[in-house]
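Asker: Sending over a structure as structure tokens; questions will come in a sec.
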Amino acid sequence: MLVLGIESSCDETGVALYDLDKGLLAHHLHTQMALHAEYGGVVPELASRDHIRRVLPLTRACLADAGKTLADLSAIAFTQGPGLGGALMVGASFANALAFGLGIPVIGVHHLEGHLLSPLLSEPRPDFPFVALLVSGGHTQLMAVRGVGDYQILGETLDDAAGEAFDKTAKLLGLDYPGGPMLSRLAERGTPHRFTLPRPMLNSPDLDMSFSGLKTAVLTLVRQVEAEHGELTEQLRCDICHAFQEAIVEVLVKKSLKALKETGMKRLVVAGGVGANKQLRAGLNDAAARRRLEVFYPPLALCTDNGAMIAFAGAMRLKHAHAAGAFTIKPRWDLS
Ligand code: KG4
Ligand code: ZN
């Protein structure tokens, strides 16, 4: 059973081939980062046009890598939502046209399901049930995952997603788009405890989070520092990055532990772009080791958007007979 997966929900075109017996056979990715950098954010029209240019060459590259042809495909999975409407339409049209031509099923996959199942793509694989911490540029949620298709939202951000908070804070510190990874590199050179920022909703009784106030707190801090020091030196910028990352990581670690405690689950799976953050990984690993909990991460290359997670989620849906074949997109779509 060979599934072609297509991801085109935002600014990455990802294509992959997943075989139910042999695992991931090939995956290729084209990131549009450079295309959008000069605008300081994703321009939807440019994103759609670029997906159109990339999707066929990437599909050919995957087939060539795996030594397969279109005739070997059993099904085609694509990201049906949530995401940018025009960008989603590219993947939906391509997948449906190709599947129709080949006479095989098409499977619409929820982007977040792709992320939360992605840690199953590598060893060691977490067993169900587990708590998933989804931390991407568009979403921040804690989910109870009891099996394929059995997801319950435990808590989520009430405003900005964690990745969005990283990117917006990076922007106001003058870092290039997308600033999340750069902010976290600068944070490594920051002086611990030089500045302290608030931990929004850290002690709230629920599992919800809020990150937009943190960005405003950074803005206030930058103004204070500039008033005091005249300008934001490189070291001061690193110190602020450190304080920001420390605050956001503490909230994510504490809420994840609370979710594990409340559900009685012993496994945490981290997915989404912010899952690549080293400080978050160190914080979670440390907290888990002290409580005999296990934490699982997708390989770094599969943390951010990619086609492999969509091919895999599609294959799981096919295996569990959950395939949904419809030529629709869902730019807004709740997972549970
Ligand atoms: O999952 P993803 O590729 O796309 C969405 O579905 O949103 O996540 C992208 C987000 C961006 O906000 C990016 O800044 C953030 O993940 N990100 C990071 C790191 N690497 C990527 N944030 C903090 N530290 C990182 N190392
Ligand atoms: Zn994503």
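The values are calculated or read from the model by the stated rules, or taken from the named source; none is laboratory data. Quantities reported herein were computed from a predicted structural model and do not represent experimental measurements. All Cβ positions, even for glycine, are placed from backbone atoms using ideal geometry, and neighbour counts span all protein chains on display.
Asker: If you go through segment 36-60 one residue at a time, how many are assigned to a helix (DSSP H, G or I), within 15 Å of ligand 2 (Cβ to nearest atom) and more than 27 Å from residue 104 (Cβ to Cβ)? Reasoning before the result, please.
Answerer: We begin by selecting, within segment 36-60, every residue assigned to a helix (DSSP H, G or I); these are 36-37, 44-60.
Then keep just the ones that are within 15 Å of ligand 2 (Cβ to nearest atom); that gives 47, 51.
Subsequent filtering for residues that are more than 27 Å from residue 104 (Cβ to Cβ) retains 47.
Total meeting the criteria: 1.
Asker: Any idea which residue in segment 262-314 is farthest from ligand 2 (Cβ to nearest atom), counting only those that are among the basic types (Lys, Arg) and assigned to a loop (DSSP other than H, G, I, E, B)? Even if it seems obvious, please write down each step before you answer.
Answerer: As a first pass, look at segment 262-314 and keep what is among the basic types (Lys, Arg): 266-267, 278, 281, 290-292.
Filter again for assigned to a loop (DSSP other than H, G, I, E, B), leaving 266, 292.
Details: 266: 26, 292: 30 Å.
Looking at the filtered set, the residue picked out is 292.
Asker: Return yes when residue 39 is hydroxyl-bearing (Ser, Thr, Tyr) and at pLDDT below 95 and no when it is not.
Answerer: Details: hydroxyl-bearing (Ser, Thr, Tyr): yes; at pLDDT below 95: yes.
Yes, satisfied.
Asker: Considering segment 11-35 alone, what residues qualify as being part of a loop (DSSP other than H, G, I, E, B), touching a Ser or Thr at 6+ places or on another chain (Cβ under 9 Å) and surrounded by fewer than 24 Cβ atoms within 10 Å (Cβ to Cβ)? Steps first, answer last, please.
Answerer: We begin by selecting, within segment 11-35, every residue part of a loop (DSSP other than H, G, I, E, B); these are 11, 20-22, 32.
Next, from what is left, pick out any that are touching a Ser or Thr at 6+ places or on another chain (Cβ under 9 Å): 11, 20, 32.
20, 32 - these are the residues of segment 11-35 that are part of a loop (DSSP other than H, G, I, E, B), touching a Ser or Thr at 6+ places or on another chain (Cβ under 9 Å) and surrounded by fewer than 24 Cβ atoms within 10 Å (Cβ to Cβ).
Asker: So, in segment 272-292, of the ones that are of a type in the set (A, V, I, L, M, F, W, C) and either in contact with an Asp or Glu (Cβ under 6 Å, 6 or more places away or on another chain) or near ligand 1 (Cβ under 8 Å from one of its atoms) (or both), which residue ends up modelled with the lowest pLDDT?
Answerer: In the first step, residues of segment 272-292 are kept if they are of a type in the set (A, V, I, L, M, F, W, C); the result is 274, 276, 280, 282, 284, 287-289.
Now narrow it down to the ones that are either in contact with an Asp or Glu (Cβ under 6 Å, 6 or more places away or on another chain) or near ligand 1 (Cβ under 8 Å from one of its atoms) (or both): 274, 276, 280.
Numbers: 274: 94, 276: 91, 280: 97.
Ranking the candidates gives 276 first.
Asker: Could you check residue 15 against (1) at pLDDT below 95; (2) under 17 Å from the mean Cα position of the chain (by Cα); (3) not polar (S, T, N, Q) and say which number it fails?
Answerer: Exception for residue 15: condition (1).
Asker: A further question follows. I need the full set of residues from segment 125-138 which are farther than 14 Å from residue 298 by Cβ, within 16 Å of ligand 1 (Cβ to nearest atom) and touching a helix residue (DSSP H, G or I) at 6+ places or on another chain (Cβ under 6 Å), in order please. Quick ask: steps written out before the conclusion?
Answerer: Initially, segment 125-138 is screened for residues farther than 14 Å from residue 298 by Cβ, giving 127-129, 131, 137-138.
Filter again for within 16 Å of ligand 1 (Cβ to nearest atom), leaving 137-138.
The answer is 137, and nothing else.
Asker: Look through 118, 122 and report the one residue that is among the hydroxyl-bearing types (Ser, Thr, Tyr), touching a Pro at 6+ places or on another chain (Cβ under 8 Å) and within 13 Å of ligand 1 (Cβ to nearest atom). Spell out how you get there, then give the answer.
Answerer: Working: 122 fails: within 13 Å of ligand 1 (Cβ to nearest atom).
Result: 118 is the single residue among 118, 122 that is among the hydroxyl-bearing types (Ser, Thr, Tyr), touching a Pro at 6+ places or on another chain (Cβ under 8 Å) and within 13 Å of ligand 1 (Cβ to nearest atom).
Asker: Which one of the conditions (1) in contact with an Asp or Glu (Cβ under 6 Å, 6 or more places away or on another chain); (2) away from ligand 2 (no atom under 16 Å from the Cβ) does residue 79 fail to meet, given that it meets all the rest?
Answerer: Condition (2) is where residue 79 drops out.
Asker: Moving on. Filter segment 127-151 for residues that are under 16 Å from residue 267 (Cα atoms), touching a Ser or Thr at 6+ places or on another chain (Cβ under 9 Å) and part of a loop (DSSP other than H, G, I, E, B) and give the result.
Answerer: 129
Conditions (1) closer than 28 Å to residue 328 by Cβ; (2) surrounded by fewer than 18 Cβ atoms within 10 Å (Cβ to Cβ), marked per residue:
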| position | (1), (2) |
| --- | --- |
| 95 | yes, no |
| 106 | yes, no |
| 111 | yes, no |
| 117 | yes, no |
| 127 | no, yes |
| 130 | no, no |
| 144 | yes, no |
| 159 | no, yes |
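Asker: Taking residue 124 and the conditions (1) within 15 Å of ligand 2 (Cβ to nearest atom); (2) more than 16 Å from residue 248 (Cα to Cα); (3) part of a loop (DSSP other than H, G, I, E, B), which numbered condition does it fall short on, given that it satisfies the others?
Answerer: Single failed check for residue 124: (1).
Asker: Could you please find all residues in segment 164-184 being assigned to a helix (DSSP H, G or I), near ligand 1 (Cβ under 8 Å from one of its atoms) and either out of contact with any helix residue (DSSP H, G or I) (no Cβ under 7 Å at 6 or more places or on another chain) or over 22 Å from residue 231 (Cβ atoms) (or both)? Spell out the reasoning first.
Answerer: Step one: list which residues in segment 164-184 are assigned to a helix (DSSP H, G or I), which gives 164-172, 180-184.
Restricting the remaining residues to those that are near ligand 1 (Cβ under 8 Å from one of its atoms) gives 164, 166-167, 170, 180-181, 183-184.
Matches in segment 164-184: 164, 166, 167, 180, 181, 184.
Asker: Something else now. From 225, 295, 269, grab the single residue that is closer than 19 Å to residue 139 by Cα and either away from ligand 1 (no atom under 14 Å from the Cβ) or of a type in the set (A, V, I, L, M) (or both).
Answerer: Values: 225 fails: closer than 19 Å to residue 139 by Cα; 295 fails: closer than 19 Å to residue 139 by Cα.
Residue meeting the stated conditions: 269.
Asker: Of (1) small (Gly, Ala, Ser); (2) away from ligand 2 (no atom under 16 Å from the Cβ); (3) within 29 Å of residue 214 (Cα to Cα), residue 137 satisfies all except one. Which?
Answerer: Every listed condition holds for residue 137 apart from (2).
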